[in-house]
Amino acid sequence: MASPTAASEHNTSHQETDTAIDIEHVPVADDPRQWSYARKTTTLCIVSLATMVSTMASNIQNPSNSLIEEALHATSSQISWTLSAYQIIQGNLPLLWSAASEIKGRKPVYLVSSALFVVGSAVLALSKTIEMMIVMRALQAAGSSAAISISAATLADIYDPHERGTRMGIFFAAPLLGPALGPILGGSLSQVFNWRASFYFVLICGVVTFLSFLILFKDTYRHERSLMYRSASQRLAASKEPVQSGNESIISKQDSSTSAKDIEKQLDPLHVPATVPVLNSMPGPNNPRLSIQDVNPFPPYFQILSRKNNVFILIANGLIFGFSYCLSYTCARTLANRYGYDACSTGLVLLCLGVGSVAGSVIGGRWSDRVLASKRVANGGKWSAEMRLDSSKLAMLWLPPSVIGYAWVCEKHVDVAVVCIMLVLIGFTSIWMYSSTLAYLVDANPGRSSTAVAANSSFRGTLAFASVMTAVPLQDALGDGVLYTAWAGILVAMELSVLLVIHKGESWRRESEERELRSGN
């Protein structure tokens, strides 16, 4: 545990992140942040491909739902389960993948999860019953969830905060491109072949992703920069201390002395001076090999939830995500039932939502970095994570009106061109906000980025599950007009929560850090 002096330095360093080295900048061998531009870009492209395939798989079946109902003699409720099962598993399993990645590294987790995704996709394409399809969608989601949860942490491994918003924006365009391309690809393949063709396509993409991780991906994880690893190492060292003292005759005095110094050097302060020598990033004689049994993923998860600033942003992100999935599902039904569109035409219209989302992610990410840089200059070089959230204010003005516009355009059966315009605006503004809030979670939780992103996945997956399961009954009972006017009101409340974090988040974080230091966490 750090001394009182170290604790004091910890508080000071958080307030002046430009002059102190925090856990994200502990020196390591083969520092991923010092990699070449080509290596970083390759890493960015691979994780972006993985997330794009994962999100594409979530809604590629939407234009084909009516065909699946007919072929497998399924009900609308069962079709909803194929979508919601994917969301609830994809949203909540990342907590386990995140813990595994903090011990075993990113690459092994990517490989195992990609293999599960391939198996799930293969059996899914061959499913003969709707029950088998639901089960395989769950397995497919389990495999896809790792990429969703640890990709942002992978980028945090290789990019510094000042460039993270731009890279997050580019990266997040990929998982948004998936839902954009999914409906048009699924609709076209189903129209030309049959509904199984879309799942065969996903299978091929899964194989390509697996091979990319196997051959081209270089692990970005360094355990010295992981709070979870440090904490687990300390617990393991404490538990083995009596055993080690009882076997001193096996270990030379020189090795024993070196081990004690190295462990003390590695595990004591989280904020270290710039002169600390590079630490060995691979487990060696003095770096204990931990297993998943040594790590309980839930304490770090609950520690993320113990911070009020995190909770407000997690709820906000969950609501944005839940709204987006409700929209894409019900829009497909509206186009099929009220406009008489086939699978291919439905996919083309839903592409507008994806195009707006991609544009919002890329532009919003760049704007996020620009706002953070300008505020840092205005603040004399000092910065806080909350400064990034100011970039979301512009999108806040346009999101609720766009949702209300969509609601009544669909309700009054206005020309589909207007529906397309509303979908572009909704995608652009909602994801503009999401790219800023996701980058904020990473910035506000140094050393716990993968756990923070896993918590984000849990919230968004759970709320997406709830929104998809209630979408059809609410749409049938209320119509698009009332349903999405209500959603606009919910999104206004979401925006107010983000504004609250902008004004109170920094003080909340300081209170949480002081409490954690007092408790020894």
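The values are calculated or read from the model by the stated rules, or taken from the named source; none is laboratory data. Keep in mind that this is a model prediction, so the values were computed, not measured. Counting neighbours? That spans all protein chains shown, and the Cβs are built from the backbone with ideal geometry, glycine included. The accessibility values were calculated without ligands, DNA or RNA, using every heavy atom of the protein model including side chains. Shrake-Rupley method; radii C 1.70, N 1.55, O 1.52, S 1.80 Å.
Relative contact order for segment 388-518: 38 percent, from Cα pairs under 8 Å spaced at least 6 residues apart, divided by residue count. Take segment 350-394 with all the other protein chains still there, run a 1.4 Å probe, and you get 41 Å² of accessible area per residue. The residues neighbouring residue 338, those whose beta-carbon lies less than 13 Å from its own, together hold a net charge of -2 under the Lys/Arg +1, Asp/Glu -1 convention. Within segment 321-441, what whole-number % of the accessible surface is contributed by carbon and sulfur, with the 1.4 Å probe and all protein chains included in the calculation? Using a 1.4 Å probe with all protein chains present, segment 321-441 comes out at 68 percent carbon and sulfur.
Charged neighbours of residue 311, selected by a Cβ distance under 14 Å, balance to +4 (K, R count +1; D, E count -1).
A simple spin-label model places pseudo-atoms 7 Å from Cα toward Cβ; at residue 493 and residue 519 they are separated by 2.8 nm.
Using a cut-off of 22 Å between Cα atoms, the listed pairs 104/308; 40/107; 393/504; 308/393; 40/393 include 104/308; 40/393 as exceeding that distance. Neighbours of residue 374, meaning other residues whose beta-carbon lies under 13 angstrom from its beta-carbon, give a summed charge of +3 when Lys and Arg score +1 and Asp and Glu score -1.
The slack between residue 45 and residue 193, meaning 0.36 nm per residue of separation minus the straight C-alpha distance, is 50.2 nm. On full extension, the segment bounded by residue 37 and residue 507 gains 165.6 nm, given 0.36 nm per residue less the C-alpha separation.
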